[in-house]
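Novice: First, the structure itself, so that you have it in front of you.
Read-outs throughout are calculated quantities, based only on the coordinates presented, and are distinct from any laboratory measurement. Note that the structure is a prediction, hence the values are computed from the model and not measured. Here the Cβ positions follow ideal geometry from the backbone for every residue, glycine too, while neighbour counts run over all protein chains shown.
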Amino acid sequence: MSSEDYGYDYDLLFKIVLIGDSGVGKSNLLSRFTKNEFNMDSKSTIGVEFATRTLEIDGKRIKAQIWDTAGQERYRAITSAYYRGAVGALIVYDISKSSSYENCNHWLSELRENADDNVAVGLIGNKSDLAHLRAVPTEESKTFAQENQLLFTETSALNSENVDKAFEELINTIYQKVSKHQMDLADSGVTGNANGASAPNGPTISLTPTPNENKKNSGNNCC
Amino acid sequence: MIRSSTISTEAVLVPNERVVDTMSSCNEDGANYSVLDLYDDDEEDDNVSLLEQKELLTTRELEKAKAFTSLVMADPENFDRYGFSKKSYFIQQEEYDKWLVEYSRYSERRKKKWENLLSKNKINLHNDNPLTYPARNEELKKFVRKGIPAEWRGNAWWHFAGGQEKLDINVGMYDRLKEDCRAGAVSAKDMEAIERDLYRTFPDNIHFHKESFQRGEPAMIQSLRRVLMAFSIYDGSIGYCQSMNFLVGLLLLFMEEEKTFWMLVIITGKYLPGVYESDLEGANVDQGVLVLCIKEYLPEIWSHIESSYVNGNGSTGQIPRPNPEEQYLSRLPTLTLCTASWFMSCFVGVVPIETTLRIWDCLFYEESHFLFKVALGILKLSESEFLESKSQKLFRQYSSYTFGGGNDADSSFKKLKNKIKTQEEADMEILQVIQNFPKRLLNPNEIFEKILMKKKISLNSINQETIDRGREYVAMERNRQRASSRPQGKRN
């Protein structure tokens, strides 16, 4: 039940974005979760890459589509479409590098500004295998996560520790939100809505496969 | 490193006589190019037929082809002549070897033709690495499009891009910049970003990879650092932008450091203006131009993009609203998340290395409009795959709805077609194809012969002027739209 799959036999499709400073291990988290691979020397990511993995919750096949992008600040200018339709996000920092943790605040507001209000968010302290170099205490991040209502996990893409757990928790949270919403909305269209970029009055989160974007104005001004 | 003096392909690759006989009209006085090279050679068959390929894929051929790659390499089994790992997630060793046999023969044949072209123009081969080339003309352009011999590339790129002219008016500058770097002129931010990317540039290339037995840093890593740092202080409005590491890395495999530096100046200033600036606006402008080109030349993909700009709420049956005038220029389509990096890296890492090199040959000869052609060519080639995945999906949905399919299901099929596809799903399909498809373009001629050199295909009418005008228009339009939407507040 893993690996890249191109099939369309799924019930729900969740778009999840990875964000965080350059070099914190976003690409390796992606490859660990979707292909169970890790590269000690991976290439710097430019532009956007994504991969998928299908999981099952409550007998429903959920296809998680994970997006990864360049961490360098200036790339925000070309990735405004990155957040379109995302129902989940993982903000990643490196536990051995305090500046990458301090920037999480910035990433969080970047996310809040661009993504759907209902987006489920997790905070990930990656490189937990570098315990001897730890610069960010677990408790501190935990508090930050609680204050901001984020899920929190420390992971190691290198030795796989907690990687699946972090993604699964997030996917579960999204699923809960979506099914609650589905119930609220009763039966309006099982096949989901097309999220045309300019659909102005859609519900904040559609019953899937994806949420409607509700930040039309900010989107229109993007550059 | 590819150094011409150490390379003689003739020594390792004996041309196949049969091919030479049929492909070239050789004669004694050196006018030894194919007639097809002189005239419209769109249909020239530089690939051997399938049957022949099979026949030729003998052990002997393979050994020969491997020797072709072993000039600089300790491990020709696994690495190519440039030091890149042959295998990738998308390409198997077997597939690679098969292609290599074929492509080595192609390269050898092309090189002979180049030699003849140069000698016809009385240009000295200069120990198998000519320093100059004939004046620009259609014939030369065709030669470049069919690939510059690998051993000649460094000098040829330098020549076509006008590197020497740039260097001549800046003598000594690179050395001064290096000194300034040593004196601490590089900003902490750029330095950190550069250091982080040094080993993340070509981890799959032995020249950029530090083996556990190595003591110091590989020389290539040191050069990469020096060029990027020098550039960051040379052009403060750019500093260091990720993706420049790929450009410099590849250039360093073909030319020395100082030349690499000036080539980077030419790429970032002349070919891709504004693309690497701190707001990447040039990159957005180029993507806008690409979108306009798609609109004109690739209707299938355009219709997909367009549908994301009208109120495509299919399941509730709302009537699509007209599209605000060219909104897609300020609010670029999702597809550009992938294609932006194609331009920024000039296709390094986007397509397999030999295809990248062929693109670079043309980039330096024909300038940036060629990148647009390649992007459109790749989209064009992947279009069928994209459509296929779309129809497969429709078929599956259809089968499940009709319990195995019946004859009378045609109308329900049509209904479904409108119903099942959300915009996000469609975006995903197209992105998935576009992300992976180019990585399998092992054989450059796949795209060069089928798309880029075909006169029939209309995208050949794109030239540098079209692109320059497009850039001007898109930049203006984006400014205008930004200005008019500013009062509403938020930007993203």
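Novice: Taking beta carbons within 10 Å but only from partner chains, what does the mean come to for residues A:69-76?
Specialist: Working: counts 2, 5, 3, 8, 3, 11, 8, 3.
Counting other chains' Cβ atoms within 10 Å and averaging over A:69-76 gives 5.
Novice: Tell me, what HN-Hα J-couplings in whole Hz come from the Karplus equation 6.51 cos²θ - 1.76 cosθ + 1.60 at θ = phi - 60° for each residue of the range A:84-91, using x for Gly and Pro?
Specialist: 4, x, 6, 9, x, 8, 10, 8
Novice: Step through the residues of the range A:38-52 one at a time and calculate ³J(HN,Hα) from phi using the Karplus curve (6.51 cos²θ - 1.76 cosθ + 1.60, θ = phi - 60°), rounding each to whole Hz and writing x for Gly and Pro.
Specialist: Once rounded to whole Hz, the list reads 9, 10, 4, 10, 8, 6, 5, 7, 10, x, 9, 10, 8, 8, 10.
Novice: For the range A:1-135, what is the per residue volume of the convex hull drawn over the alpha-carbon atoms, in cubic angstrom?
Specialist: Numbers: hull volume 15.8 nm³, N = 135.
Spread over its residues, the Cα hull of the range A:1-135 gives 117 Å³ apiece.
Novice: Let me ask another. Beyond 21 Å between alpha-carbons counts as too far, so tell me which of B:Lys98/B:Lys142; A:Lys43/A:Lys127; A:Lys43/B:Lys86; B:Lys210/B:Lys439; B:Lys122/B:Lys455 fall in that bin.
Specialist: Those over the limit are B:Lys98/B:Lys142; B:Lys210/B:Lys439; B:Lys122/B:Lys455.
Novice: For A:Val17, enumerate residues with amide H under 5 Å from its amide H, sequence gap 5+ or separate chain, H modeled in the peptide plane.
Specialist: Hits under the 5 Å cutoff: A:Trp67, A:Gly88, A:Ala89, A:Leu90.
Novice: Follow-up question, since we're still on this one. Check each of the GluC sites (Glu not before Pro) in the range B:184-289 and keep only those in coil by DSSP with at most 10 other C-beta atoms within 10 angstrom; list them in order.
Specialist: Values: sites: B:Glu192, B:Glu195, B:Glu211, B:Glu256, B:Glu257, B:Glu258, B:Glu277, B:Glu281; in loops: B:Glu211, B:Glu256, B:Glu277.
Passing sites in the range B:184-289 are B:Glu211.
Novice: Give the average, rounded to an integer, of partner chain Cβ atoms located within 10 angstrom of each Cβ in A:79-86.
Specialist: Details: counts 6, 8, 11, 3, 1, 8, 7, 1.
Neighbouring Cβ atoms belonging to other protein chains average 6 per residue here.
Novice: Place a point 7 Å from Cα of A:Glu168 in the direction of its Cβ. Which residues in the range A:76-100 have their backbone N less than 20 Å from it?
Specialist: Only A:88-91 fall inside the zone, counting backbone N under 20 Å.
Novice: Label 7 Å along Cα→Cβ of A:Gln176; the range A:92-111 residues with amide nitrogen under 15 Å?
Specialist: none
Novice: Something else about it: Give me Rg/Rg_expected for the range A:102-141, where Rg uses Cα atoms only and Rg_expected = 2.2 N^0.38 Å with N residues.
Specialist: Values: Rg = 12.9 Å, N = 40, 2.2 N^0.38 = 8.9 Å.
Ratio of Rg to 2.2 N^0.38 Å for the range A:102-141: 1.44.
Novice: How large is ³J(HN,Hα) for each residue in the range B:264-270, as worked out from phi by the Karplus curve 6.51 cos²θ - 1.76 cosθ + 1.60 (θ = phi - 60°), to whole Hz, x for Gly and Pro?
Specialist: Each residue of the range B:264-270 in turn: 5, 4, 5, 4, 6, x, 9 Hz.
Novice: Here's a follow-up. Under a Cβ-only charge scheme (Lys and Arg +1, Asp and Glu -1), can you give me the dipole magnitude of the range B:112-243 about the Cα centre, in debye to the nearest 20? Write down the numbers at each step before the final one.
Specialist: Values: 21 positive and 18 negative charges, 111 e Å.
With Lys and Arg at +1 and Asp and Glu at -1, about 540 debye.
Novice: What is the P(r) of the range B:167-271, as percent of Cα-Cα pairs per 10 Å bin from 0?
Specialist: 15, 50, 30, 5, 0
Novice: Ignoring solvent entirely, what values of log10 I(q)/I(0) come out of the Debye formula for the range B:84-202 at 0.09, 0.17, 0.22 Å⁻¹ when each Cα is a single scatterer?
Specialist: For the range B:84-202, the Cα-only Debye profile gives -0.46, -1.00, -1.18.
Novice: Count the net charge of all other residues whose Cβ sits under 12 Å from the Cβ of B:Val227, scoring Lys and Arg as +1 and Asp and Glu as -1.
Specialist: Values: positive: B:Lys178, B:Arg225, B:Arg226, B:Lys259; negative: B:Glu256, B:Glu257, B:Glu258.
Around B:Val227, the charge tally is +1.
Novice: Report the net charge of residues surrounding B:Asp175, where surrounding means a beta-carbon distance below 12 angstrom and charges are Lys +1, Arg +1, Asp -1, Glu -1. Don't skip to the answer; put the middle values down first.
Specialist: Details: positive: B:Arg176, B:Lys178, B:Arg182, B:Arg226; negative: B:Glu179, B:Asp180, B:Glu257, B:Glu258.
Once positives and negatives cancel, what remains is 0.
Novice: Sticking with this one: Which shape class applies to the range B:72-111: rounded if a/c is under 1.5, otherwise prolate when a/b exceeds b/c and oblate if not, where a ≥ b ≥ c are the square roots of the Cα gyration tensor eigenvalues? Mind showing how you got there, number by number?
Specialist: Details: a/c = 2.44, a/b = 1.31, b/c = 1.86.
Oblate, because a/c is 1.5 or more while a/b does not exceed b/c.
Novice: Additional query: Modelling each spin label as a point 7 Å along the Cα-to-Cβ direction, I'd like the B:Asp468/B:Phe90 distance in nm, to one decimal.
Specialist: Each label point lies 7 Å from its Cα, and together they span 3.3 nm.
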